[in-house]
There are 2 protein chains.
Amino acid sequence: MPTKTYHIGVEATMEIIGGKWKSIILCHLRHQTMRTGELSRAIPQISQKMLTQQLRELETANIVSRHVFHQVPPKVEYALTDYGESLSGILHELCVWGEDNIDRRQADGEKITLLSRDDI
Amino acid sequence: MPTKTYHIGVEATMEIIGGKWKSIILCHLRHQTMRTGELSRAIPQISQKMLTQQLRELETANIVSRHVFHQVPPKVEYALTDYGESLSGILHELCVWGEDNIDRRQADGEKITLLSRDDI
DNA sequence: GTAGATGGTTACTTTTTGGTAAGTAGGGCA
DNA sequence: TGCCCTACTTACCAAAAAGTAACCATCTAC
């Protein structure tokens, strides 16, 4: 198979946490283990399909673990793996920087709202 | 105009540094002011079009400054703004985490190469 | 007068990503 | 019997992001 080539480290990172949803999902999992339904309530804009798709990709990258409880109705819990935890600091900074960015833009007169801040 | 709504800070951050190219460009500008041609040599995979497009967007977000020297042939220099510098720590961590990720995957037997590490 | 250097734009196409809506499973429960 | 719950999948379609290739402007130097 062909060798995959990266030119700079950040490429690999963005391949894992990039895209519209992954960093958001990870920011939520940073604080707690969550069930599928909890995640979709926490991220109301995301569709079922995108949620599971992104979770699978994060699982494949060994960032998120999936724990299935064999019950009916089904129960599945997602959490950061130990390796995923190594992203925690970065995720926190990404949240905080974004909050500050929104503050600036608001102060600049832009019509923007931020619904919740990263409390921890 | 409709109010733009974010649910969590990281959304705003990723809107600015997300996508295939922005974080790479920023990682290069983190170390030095660069001319257009230098950037495209530093990021050989990027096309002219994408390079200028991404730089314009970063300029609009006030992350990058553009300094035109009125010469022939033209000379244009790009640099992080003071505000852009506030991303420097995050960008560095994204690079370092990615380097480590690549190391792990290599150790895991995946065929991957990283051409250069974030030296600073 | 023609080619080269630099930075940039445009029209067009392809690829990737995301969204919608419907369907599956299987036990609980009225 | 039939509907609910939860997690998940699938087929299909729309939109956004990125790639390609050709083109412009301007002065310098041959």
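Below are the figures for this structure:
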quantity	calculated
Single residue of the range A:1-46 satisfying the filter (buried (at least 18 other Cβ atoms within 10 Å of the Cβ) and polar (S, T, N, Q)) that is nearest to B:T13 (Cα to Cα)	A:S23
Filter result (within 7 Å of another protein chain (Cβ to nearest Cβ) and over 28 Å from A:E59 (Cβ atoms)) within the range A:102-116	A:I102, A:K111, A:I112, A:T113, A:L114
Some residue of the range B:70-83 being surrounded by fewer than 17 Cβ atoms within 10 Å (Cβ to Cβ), away from DNA strand D (no atom under 16 Å from the Cβ) and assigned to a helix (DSSP H, G or I)	yes
Condition met for A:T36 (out of contact with any helix residue (DSSP H, G or I) (no Cβ under 8 Å at 6 or more places or on another chain) and without any contact (Cβ under 8 Å) to a residue 60 or more places away in the chain)	no
Qualifying residue in the range A:4-11 (condition: in contact with a helix residue (DSSP H, G or I) (Cβ under 7 Å, 6 or more places away or on another chain), more than 21 Å from B:I17 (Cα to Cα), modelled with pLDDT of 95 or more and not in a helix (DSSP H, G or I))	no
Flag for A:R105 being of a type outside the set (D, E) and over 14 Å from the mean Cα position of the chain (by Cα)	yes
Qualifying residues in the range A:70-101 (those that are of a type in the set (S, T, N, Q) and facing chain B (nearest Cβ under 9 Å)) - the one farthest from A:R35 (Cα to Cα)	A:N101
Lone qualifier among B:L51, B:L58 - being within 16 Å of DNA strand D (Cβ to nearest atom), in a helix (DSSP H, G or I) and touching a residue at least 40 places away in the same chain (Cβ under 8 Å)	B:L58
The range A:64-87, residues that are within 16 Å of DNA strand C (Cβ to nearest atom) and free of Cβ contacts under 8 Å to residues at least 12 places away in the same chain	A:V68, A:F69, A:H70, A:Q71, A:V72, A:P73, A:P74
Residue tally, condition surrounded by 19 or more Cβ atoms within 10 Å (Cβ to Cβ) and in a helix (DSSP H, G or I), over the range B:100-120	2
The range B:16-30, residues that are within 8 Å of the chain's Cα centre (by Cα) and facing another protein chain (nearest Cβ under 7 Å)	B:S23, B:I24, B:C27
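The values are calculated or read from the model by the stated rules, or taken from the named source; none is laboratory data. The shown structure was predicted, so the numbers you read here are calculated from the model rather than taken from an experiment. Positions of Cβ are backbone-derived with ideal geometry, glycine not excepted, and every protein chain shown enters the neighbour counts.
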